[in-house]
Amino acid sequence: MSMMSNSEQHLQGAVAKRRKVPENLLCNLPTDILSTILSLLPINDAIRTSILSRKLKHVWCSHSNLTFDKGTMWTTYFRPSTGYYGVLRDKEFITMVDTVLHQHSGMGVEHMEIKFGLHKLTTVSLQLPSDFKGFMNLKSLTLVDVSITDEDVQCMLSKCNLLEFFEIAYCGMVTCIRMLRPLDRLKHLVSIFVKWMKCRHRPYCKEDGELRVGLPHQHNYLKSVRISGFFGHKDQVELALHILRSSIVLGKMEITPKLEISNYLAMQDCLYEQEHYVNGHRVATEFVCKADHRNVVNVVSVLPST
């Protein structure tokens, strides 16, 4: 049996010691630095680090970038039952996202995004908890096809003091948006009035009475507004005029009668789109453009389908 020389023993010891250094260095870092490092990884890779050591077990729970999509939620994986690699199903994706959100601390989130083709799930219900403290650092908020009440929208917006971009579309439960305090930093507003598609309000005319004037308040940051689904109803005209008059740096307001919606809803709209398109364009031109003294309003002409 050959004996290992001293040089060989020293070499193997040095190699073994070198292999342990990165792990020791990583575990010796402060938790806040570890959290910053893991936030640079996709959420799935950050979660995998929890098995490396006890100290790393819960560090990922303050991950700042919560992006859930095909790349981060393991869309293909091995199915022992079939022996083949399969595609992540809707239910499995939802379960994974729910599991991550339940374990996440909720602190330090800077970005959250969910992108996945949920064929069985077409809407999302959002109910704020009673102790909701708001998203104090949130700058961009998009609500599309969300079941949310007027009260919850009001509560959410009132606690987003830094909000700069707000889009709301296809939220059928929302009938009005009231603010407890002004969104002073709001720069971009996108609203799509799907609910009006299902009602038979008549387009506004002078015989319907004077238009209401909103509370005097100046929006110092709002620069662009796009209103879709403008059918010329009185409350739509009042909203457009209020934004136009109160936004002192507004550079562009685009109004279109066309509903920017999915193919499913577009099938319902086509039954009476011609009447709405004509009325919407006429009312916007007559009442909104007439009040535009800065030439910032653009009413889009839409040709009805034949």
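Anything in segment 60-98 that is touching a Ser or Thr at 6+ places or on another chain (Cβ under 8 Å), at pLDDT 80 or above and not in a helix (DSSP H, G or I)? List them, or say none.
The answer is His63, Ser64, Asn65.
Of the conditions (1) open to solvent by 40 Å² or more (accessible area, probe 1.4 Å); (2) at pLDDT 85 or above; (3) not hydroxyl-bearing (Ser, Thr, Tyr), Asp145 satisfies every one except a single condition; which number is it?
Asp145 satisfies all of (1) open to solvent by 40 Å² or more (accessible area, probe 1.4 Å); (2) at pLDDT 85 or above; (3) not hydroxyl-bearing (Ser, Thr, Tyr) except (2).
Residues in segment 31-53: is at least one hydroxyl-bearing (Ser, Thr, Tyr), modelled with pLDDT of 85 or more and in a loop (DSSP other than H, G, I, E, B)?
yes
Do you know which of the residues in segment 285-306 that are buried (at least 16 other Cβ atoms within 10 Å of the Cβ) and within 29 Å of the chain's Cα centre (by Cα) is modelled with the lowest pLDDT?
So, considering only residues that are buried (at least 16 other Cβ atoms within 10 Å of the Cβ) and within 29 Å of the chain's Cα centre (by Cα), the one modelled with the lowest pLDDT is Val302.
Can you work out which of the residues in segment 98-115 that are touching a strand residue (DSSP E or B) at 6+ places or on another chain (Cβ under 7 Å) and hydrophobic (A, V, I, L, M, F, W, C) is nearest to Leu38 (Cα to Cα)?
Val109
What about Leu189, is it open to solvent by less than 70 Å² (accessible area, probe 1.4 Å), modelled with pLDDT under 80, closer than 19 Å to His219 by Cα and of a type in the set (A, V, I, L, M)?
Numbers: open to solvent by less than 70 Å² (accessible area, probe 1.4 Å): yes; modelled with pLDDT under 80: yes; closer than 19 Å to His219 by Cα: yes; of a type in the set (A, V, I, L, M): yes.
In short, yes.
Could you check segment 241-270 and list, in sequence order, the residues that are modelled with pLDDT under 70 and within 13 Å of Val302 (Cβ to Cβ)? Walk me through it before giving the result.
As a first pass, look at segment 241-270 and keep what is modelled with pLDDT under 70: 260-270.
Hits for segment 241-270 are Glu260, Ala266, Asp269, Cys270.
Let's see how each residue does on (1) assigned to a helix (DSSP H, G or I); (2) open to solvent by 60 Å² or more (accessible area, probe 1.4 Å); (3) at pLDDT 80 or above; (4) of a type in the set (Lys, Arg):
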residue	(1), (2), (3), (4)
Met136	no, yes, no, no
Asp152	yes, no, yes, no
Met156	yes, no, yes, no
Phe166	no, no, yes, no
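The values are calculated or read from the model by the stated rules, or taken from the named source; none is laboratory data. Remember, it's a predicted structure, so these values are computed and weren't measured experimentally. Note that we place each Cβ from the backbone using ideal geometry, even for glycine, and neighbour counts take in every protein chain shown. These accessible areas exclude ligands, DNA and RNA; they are computed on the full protein's heavy atoms, side chains included. Shrake-Rupley method; radii C 1.70, N 1.55, O 1.52, S 1.80 Å.
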